[in-house]
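Visitor: Mind having a look at this structure? Questions to follow.
The values are calculated or read from the model by the stated rules, or taken from the named source; none is laboratory data. Please read all numbers here as calculations on a predicted model, not as lab measurements. Please note: Cβ atoms are built from the backbone with ideal geometry, for glycine as well, and neighbour counts cover all protein chains shown.
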């Protein structure tokens with residue numbers, strides 16, 4: 001099986017990226033009982049470990065012309081002169097590359113989360129947070145495994161985009177442990193949850209639905225971890241220190257909002273890059289998607305106490321401040337319920353197929369319903 005680097009549509013990508021580190025590793029000699037909510041989350045993290053090879057049905061395939069069977073109208077170039085000039089073959093190729101580009105960023109983000117979670121284990125001062133971060137580290141390794149296998153079915157992949165790399169670099173270089181939380185647990189994980197949810201809920205491909213539903217079940221806990229820890233920590237900071245965190249958050253949110261240009265796709269397919277990027281920026285569906293990405297971030301930022309004028313003004317400018325009162329706990333519970341529903345449907349279809357009631361094609365269709 002080819003490595004993903006061999007499948008990159010972007011040539012001459014380095015095989016490794018090195019980020020120098022300067023931070024203190026902290027040992028906690030208290031070994032106390034820990035915070036009840038955080039220890040409960042740690043226990044939940046242990047109980048809900050799963051095997052990506054066993055839980056996901058990798059015999060399922062992607063669609064040839066529209067791999068994840070997403071609405072064609074949802075792509076940023078749909079209806080533009082560029083789209084109208086494309087042949088059926090060119091459209092299928094573009095759909096494969098654009099969807100692979102998205103999944104590639106999920107994979108790249110998961111490796112960043114793996115490394116950030118490992119950093120948190122060493123850097124955070126409290127044992128209960130170290131315990132939970134250790135379960136997250138295992139979760140992220142599993143997510144990398146799942147998205148890698150999904151990308152291999154695409155037959156093409158992409159490296160990390162520059163804006164995402166900039167934010168990850170900041171999260172890893174900063175010696176303050178809470179900045180790593182802010183960048184990864186709040187911004188990147190929160191953004192990812194919204195993007196995963198779009199595919200889980202809109203895709204008609206059972207494999208794409210399944211992978212994203214199961215990853216979301218874990219990621220919702222990761223956001224809760226950051227939320228619980230930072231909510232306890234930020235009231236202890238000075239106003240000046242909280243202002244620094246708000247400034248970092250504003251920059252991070254704008255950076256992530258503006259990264260969905262897909263420039264690498266257009267370059268790889270030898271399309272008119274600047275024209276395509278301009279259509280992407282003007283696309284109403286793309287603008288809506290960029291807004292929806294913040295539905296998980298805004299309420300968490302408010303909950304952890306970083307809700308000063310700078311943050312509120314930025315979210316007003318982005319048109320996302322209305323998400324401030326979203327019920328994060330209810331959304332997490334819904335993510336877990338949907339993942340359980342996939343398990344139940346899979347078990348039901350497997351039981352019927354074992355009795356000879358369905359052929360494999362019928363079973364796959366039933367599972368997707």
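Visitor: Report those helices (runs of 4 or more DSSP H) wholly inside the range 106-203 carrying at least 3 residues which are modelled with pLDDT under 95, surrounded by 19 or more Cβ atoms within 10 Å (Cβ to Cβ) and under 13 Å from the mean Cα position of the chain (by Cα).
Guide: Of the helices (runs of 4 or more DSSP H) lying wholly inside the range 106-203, those with at least 3 residues that are modelled with pLDDT under 95, surrounded by 19 or more Cβ atoms within 10 Å (Cβ to Cβ) and under 13 Å from the mean Cα position of the chain (by Cα) span 189-202.
Visitor: Ok, one more. Condition first: surrounded by fewer than 21 Cβ atoms within 10 Å (Cβ to Cβ), in contact with a helix residue (DSSP H, G or I) (Cβ under 8 Å, 6 or more places away or on another chain) and in a helix (DSSP H, G or I). Now tell me which residues in the range 229-245 satisfy that.
Guide: Of everything in the range 229-245, those that are surrounded by fewer than 21 Cβ atoms within 10 Å (Cβ to Cβ), in contact with a helix residue (DSSP H, G or I) (Cβ under 8 Å, 6 or more places away or on another chain) and in a helix (DSSP H, G or I) turn out to be 231, 233, 234, 242, 243.
Visitor: For residues that are in contact (Cβ under 8 Å) with a residue 40 or more places away in the chain, closer than 21 Å to residue 198 by Cα and not in a helix (DSSP H, G or I), scanning just the range 247-284, find the one that is nearest to the chain's Cα centre (by Cα).
Guide: 259
Visitor: For the list (1) assigned to a helix (DSSP H, G or I); (2) over 21 Å from the mean Cα position of the chain (by Cα); (3) without any contact (Cβ under 8 Å) to a residue 24 or more places away in the chain, I need the number of the one condition that residue 287 fails.
Guide: Answer for residue 287: the failing condition is (2).
Visitor: Can you find, within the range 64-86, the residue that is farthest from the chain's Cα centre (by Cα) among those that are over 16 Å from residue 285 (Cα atoms) and buried (at least 19 other Cβ atoms within 10 Å of the Cβ)?
Guide: 66
Visitor: In addition: Write out, first by first residue and then by second, each pair whose Cβ atoms fall under 9 Å of each other, whose residues are 6+ apart or on separate chains, and whose first residue, in the range 343-369, is over 29 Å from residue 49 (Cβ atoms) while the second is modelled with pLDDT under 80 and outside any helix (DSSP H, G or I).
Guide: Here the result reads 365/358, each pair linking the range 343-369 to a residue that is modelled with pLDDT under 80 and outside any helix (DSSP H, G or I).
Visitor: Out of everything in the range 353-369 that is surrounded by 14 or more Cβ atoms within 10 Å (Cβ to Cβ) and part of a helix (DSSP H, G or I), what residue ends up being modelled with the highest pLDDT?
Guide: The residue in question is 353.
Visitor: Let me ask something additional. Please work out which one of (1) over 22 Å from residue 335 (Cβ atoms); (2) assigned to a helix (DSSP H, G or I); (3) in contact (Cβ under 8 Å) with a residue 60 or more places away in the chain is the condition residue 92 fails and give its number.
Guide: (3)
Visitor: Separate question: Can you name every residue in the range 1-53 that is loosely packed, with under 10 Cβ neighbours inside 10 Å and either part of a helix (DSSP H, G or I) or touching a strand residue (DSSP E or B) at 6+ places or on another chain (Cβ under 8 Å) (or both)?
Guide: 6, 36, 47
Visitor: Residue under question is residue 331, and the condition is that it be surrounded by fewer than 20 Cβ atoms within 10 Å (Cβ to Cβ), within 22 Å of residue 212 (Cα to Cα), touching a residue at least 40 places away in the same chain (Cβ under 8 Å) and out of contact with any strand residue (DSSP E or B) (no Cβ under 6 Å at 6 or more places or on another chain); does it hold?
Guide: So residue 331 passes the test.
Visitor: Could you tell me whether any residue of the range 62-76 is farther than 18 Å from residue 208 by Cα and touching a helix residue (DSSP H, G or I) at 6+ places or on another chain (Cβ under 6 Å)?
Guide: yes
Visitor: Give the residue that is surrounded by the fewest Cβ atoms within 10 Å (Cβ to Cβ), with candidates limited to residues of the range 304-328 that are part of a helix (DSSP H, G or I) and in contact with a helix residue (DSSP H, G or I) (Cβ under 6 Å, 6 or more places away or on another chain).
Guide: It comes out as 310.
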